[in-house]
1. Across peptide B:423-432, what mean number of C-beta atoms from other chains lies inside 10 Å of a residue's C-beta?
2. Taking amide H positions as placed 1.01 Å from N in the peptide plane, with prolines and chain starts having none, which residues 5 or more places from A:THR78, or on another chain, fall under 5 Å of its amide H?
3. Among all the lysines, which ones have a C-alpha under 17 Å from A:LYS536's C-alpha, if same-chain residues fewer than 8 places away are not counted?
4. Tell me the relative contact order for chain A as a rounded percent, counting alpha carbon contacts under 8 Å between residues six or more apart.
5. How would you rank A:475-485, B:106-116, highest first, on the average number of other Cβ atoms within 10 Å across their residues?
6. Output the pairs from A:LYS419/C:LYS92; A:LYS161/B:LYS300; A:LYS419/A:LYS478; A:LYS255/A:LYS419; B:LYS83/B:LYS457 with a Cα-Cα distance over 26 Å in this structure; if there are none, say none.
7. In what sequence do A:MET449, A:MET140 fall when counting other Cβ within 10 Å, fewest first?
8. Kindly write out, for region B:54-64 in residue order, the coupling ³J(HN,Hα) from the Karplus curve 6.51 cos²θ - 1.76 cosθ + 1.60 (θ = phi - 60°), rounded to whole Hz, with x marking Gly and Pro.
Amino acid sequence: MPDETSTPTRPDVLIIGGGWAGSIMAKELTEAGLNVTMLERGHDHSTAVEGTYPGSIDELRGAIRKRLFQKLARTSLTIRNRPDQTALPYRQLTAFLPGEGVGGAGLHWSGCHFRATEDDLRLRSATIERYGENFIPKDMHLQDYGVTYGELEPFFDKAEKVFGTSGEASSVRGQKTGRGNIFAPDRSDHFPLPPMADTFSASVFRAAATDMGYHPFSIPAANASQPYTNPYGCQMGPCNFCGYCSGYACYLYSKASPNVNILPALRQDRRFTLITQAQVLEIMLDDTHKKATGVRYVDLSSRTEKTLEADLVILSAFQLHNVHLMLVSGIGQPYDPVTQTGTIGRNFTYQTITSSRVWLPEDRFTSQFVGAGGAGVAIDDFNHPGFDRGRLGFIGGSPIWVNQAGLKPIAAAQGSGGKGAPRWGSAYKSAMIDQYRHSLGIDAHGSNMAYRDVYLDLDPTWTNAYGQPLLRMTFTWKDNDIRMNQHVVSHIGDIAHAMGATRTSLNSLQPGQPFDSRVYQTTHLNGGVIMGENPKTSALNRYLQSWDVPNLFVIGSSAFPQGMGYNPTGLVAALAYWSAHHIRRTYLRNPGPMVSA
Amino acid sequence: MTVLSPRPTIRKRLSSARALLLAGLGLLGLGSSGLPARPALATDSPLPAGLIEEGHYQAVLGDCAACHTQPGRAPYSGGMPFKLPIGTIYSTNISPDPVHGIGRYTEAEFARAVQLGIRKDGSALYPAMPYPSYARLSKADIHALYVYFQRGVAPQPVSPPPNGLIWPLSMRWPLHIWRWLFSPSIQSAQLRTNNQFSDPVLARGAYLVEGPGHCGACHSPRSITLNEKAQTAKDGPLFLSGGGVVEQWVVPSLRQENRTGLGRWSEQDIVDFLRTGRARTGASFGGMTPVIVHSAHAFKDDDLHAIARYLKQLAPARKETPWVYDPTTTERLRQADLSQPGAQTYVDRCAACHRTDGAGYGTVFPPLAGNPVVMTDDATSLIHIILAGDSTHALPTTPSAFAMPSFADTLSDKEIADLVSFIRQSWGNNARAVKEGTVRRIRQNLPQLETPAQLPKN
Amino acid sequence: MGGAASLSSVPLLSRTAEAEPDKKAPKVPENDPAHYKPTFFSQEEYLFLCHACERIFPQDENGPGAQALGAPRFIDRQMSTPYGFGDLWYMKAPFHEGPPELGYQLPYNPRDLYRGTITPINTHCLMTYNALFAALPPDRQDEVLHDMENNRLRFNDIPGAAFFEQLRTNTLEGAFADPAYGGNHDMGGWKMMGFPGARADFMDWINQEGAPYPFGPVGMPARPDPYSSAFQTDEEG
């Protein structure tokens, strides 16, 4: 084993980032016979250490002090709502929580494992077909991915089998089956595991939604409903609804993660090298600026700067970091919102999510601590392609769900009160306890479109620990998305009534409400290095290959042209397998652009 | 894969067989001695195709690396320390280095050492070297093994440190007496093992278990003089009926007892267990894990089935009322009745993985209900694993490994005693209760816990 | 703007505390929060903390309050962790005030926030009500806290709301974090809420049809000591 001071040998492939995207690419490319080196800025993570039972069942250390998340002290970003503001640093992890260390956000995620709808992948074309081009607001950058559901289907299927996803199909090879999501497109195969059980909260929602004529289904969950062995031979335990998914390493080995589902096989492969504590600073280019030669990185264990060369570079860090590395490496043209030229930083999107609360009678205990990150019951009646947006005047949509992921007491206490209710004192205390015992949450988890003046670039003032400018986020909510959210939330009240609610607190985005970085709103950040069919409006071709530097592929939700109603991980994984498939089939035989610009 | 971050290598544990014998006697003293001579096997002579591979497989079957390869060191360069009350001794270099290894052994000298325990210089080996079992190796297998060690292994010019035994235990001559008393001749050993079964699969199983696999070294009871009381299936029901307690792990029976043996394990369960360290019916822990990691997982499928089928026909050494699942405890726990001593601790700390019904979860978390190692008369293993925790290992046959945490700092002696008694008497299990003092004694002699760096990576 | 050094150090008041929060407890086990001697906070600061936390999370018919749960002890111990020193935050200059939606922008870590605020609050109370915060009647204490929450008070350059949010956050953490951290004494917070703690197994209780979960709470193991340096820095190795 080489010691830490040695210079690693030159691999064929360098992979930046050890999360889902990087691990999938590493597995695929070692299978293709290549020597692959994966660079991860954080430490190695294992279930036996980070997820040890019962010591890891510790909310303070996990979700509150954010053990597995990005170390902001080293690097962060700045945020503003409008281009005329001064962006200020994101000093505390609040709105979104990128990961750090092997597994990345794939170690501390929840496990909701969706595909995409057919329309999600060709939203511009589908919108024009249904509603005409004038339906698209002027400042909206609505785009197609350049890949269709049909093309991605085998890779959605592959990812589900690797993740050990629990769910119920509706249609398999054209045959109606089970009671899955009737709006979901056809599948080549069933889910590898049966759906997760319904918590009490989810079962009440399912019954009410059914009565109202909606079409509830079990959320596809990368939490194993049974013990499972995936195609790589990696094993998962069964989920017991302990509720420690989001923010934690799953102690039961039952939440899919790169660490549990892919890396065990990779670690046995001599062609695979993992370098941890390697903070990549730059993707190096040759003089033509058309070819990546390798990376420059800081070895944090020896505090020395090193370089590594390779023939092929895969950028698969978290979305924000993919964009940042493209910008600081000078690859592609930075997006300019005034001239609307350039692609890097363009089409940055997020997720609209609002959580409403429903109280059941006092003799009904919702046991909100029971849960699994990916488990729950959802309806797609306001998200599926056929849902008529024409009269409503918005693009996009939102599933509604009860996704009881395990509510822990500190989060419950800090989230209680507000909206006119006391936030402390005896009245608060009574209300908080009542809310913990007898209420449940219903979310509208919706899409977010891309806009001309919502983008990412480099901050002029603040820097990271390595002296590089921080990424700057210019982001707020726009009317289309607020209208969408308000419409969807307007139906939650009726569902709550049908559930026997004694009281509800409905929350929706309000017109003019700016994005508030102090409130957690998922870690589903998208775009900035998007895929597409036109190099003027996308940074990557449909194989996630850089238009500018053909031996660079950028994998992750950074490739999404806009944010969909579903959680992003399923699509990230499918796109990674899709890209890897075409690298193996086409690129390796004939390295160069796979689509002519 | 290669890891380029500062992590210590995974510790290789002392195999139980070695530890057992070392406790009383000592260690293989095979090594070079005497005068320079030309290599015993000329390295330029042509070899039949596949012979080195075959020899390597023989070395895997015999688990030679367990003692002769130190973790992180060159293969077969020896030097693995064994700390005994009588001093520290080191395994020898069996690489083909002419000075420090066995490069000058002729094939006959090699066979004499491996099968009869006599070194090139005529002195006797410590019987930690399981030569009474290896005596059964066929001439062809010995030949392959010899070729492998001469031609398939790189010479390592290193000497292990000198043994630090105190006199009179440093004298080797008494070992000849032991050898003469208890070790079979090659001819008698081979006759005894080879003539038991007409079915070729069972015959192969007998050969593997009684010969290179040397299962009896741990799993057969030993007499006061430390010889195995039975060495073959023919020798009666003591053979593989369970060994003593080694490093605070109870070595269970491999015979067909219903509760404490392999009576309820199918042939496939045994195959799965040896190949992956885990089966529907139980997972490997303690001293068996290194055997699987270094040796058994790499056995050919036919050989694994031969071993399993052979074990399946070993009549029980004891009659036991068949284990039948009893749902009483499960029902009580599910009705939140924690009145039984140990029930609260079980629900708080154990049921998450092993379930309220004691059934565990497939090959991920092993069952406690009906698991033979839970019901052995001596509860040392169960107490030990609760105190120390343990983990299965990633193998080419199964890349995932699972860890059980240590509860040494979480649970008191009394809590563990109640818990172990609860587990041993629930779901149809019927073993004796355990006293607090037993837990205390085991706790005091607990080996060092695995450090985070030694734990599985998944 | 600088860091902690720029905080003007208001002289400590020499008046001894009148209300001794530990008085009520007669004979109690050793880990009773009432016996705790703070290491970060001065006695006077700690006295303030005990009273302020108790108003945020008071003892009432629902169960124990912040003091009995050991929330002040929890906060004191948190001050010596990386969190207390602001190591979990991006703390690079320059520091500019901005709209609240852009989040925390002060140059102060949690230690600075407490140190820079408690004494000025006491000074404010003395000047306005002629008594230290701890000696005020509860409704008066609430008034002061409300004034901070609504940013009607500001101490040096720390807005009252910034301190109040820090205090509320840490108080609730102290009420509900695992007892190993010094708060949630005897799992009193969890019992009150009906949270079962570190058992983390609901396989048989996923859907109880609205019936309550049957078992009381369980804490995580005593080891590792969450305040040991090994535990705090385990990501580093």
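Here, each number is a calculation from the coordinates, and none is a lab measurement. Just so it is clear, the structure is predicted and the values come from calculations on it, not from any experiment. Cβ: placed from backbone, ideal geometry, glycine included. Neighbour counts: every protein chain shown.
1. Numbers: counts 0, 0, 0, 0, 0, 0, 0, 0, 0, 0.
Counting Cβ atoms of other protein chains within 10 Å of each residue's Cβ and averaging gives 0.
2. A:TYR90, A:LEU471, A:ARG472, A:MET473
3. A:LYS290
4. Values: 1506 pairs, mean separation 129.5, N = 597.
Reported as a whole number, the value is 22 percent.
5. Values: A:475-485: 22.0, B:106-116: 19.1.
Going by the mean number of other Cβ atoms within 10 Å, highest first, we get A:475-485, B:106-116.
6. Working: A:LYS419/C:LYS92 33 Å; A:LYS161/B:LYS300 28 Å; A:LYS419/A:LYS478 23 Å; A:LYS255/A:LYS419 35 Å; B:LYS83/B:LYS457 29 Å.
Violating the 26 Å limit, Cα to Cα: A:LYS419/C:LYS92; A:LYS161/B:LYS300; A:LYS255/A:LYS419; B:LYS83/B:LYS457.
7. On the way: A:MET449 25, A:MET140 20.
Lowest to highest Cβ neighbour count: A:MET140, A:MET449.
8. With the stated coefficients, region B:54-64 comes to 5, x, 4, 5, 4, 5, 5, 4, x, 6, 4 Hz.
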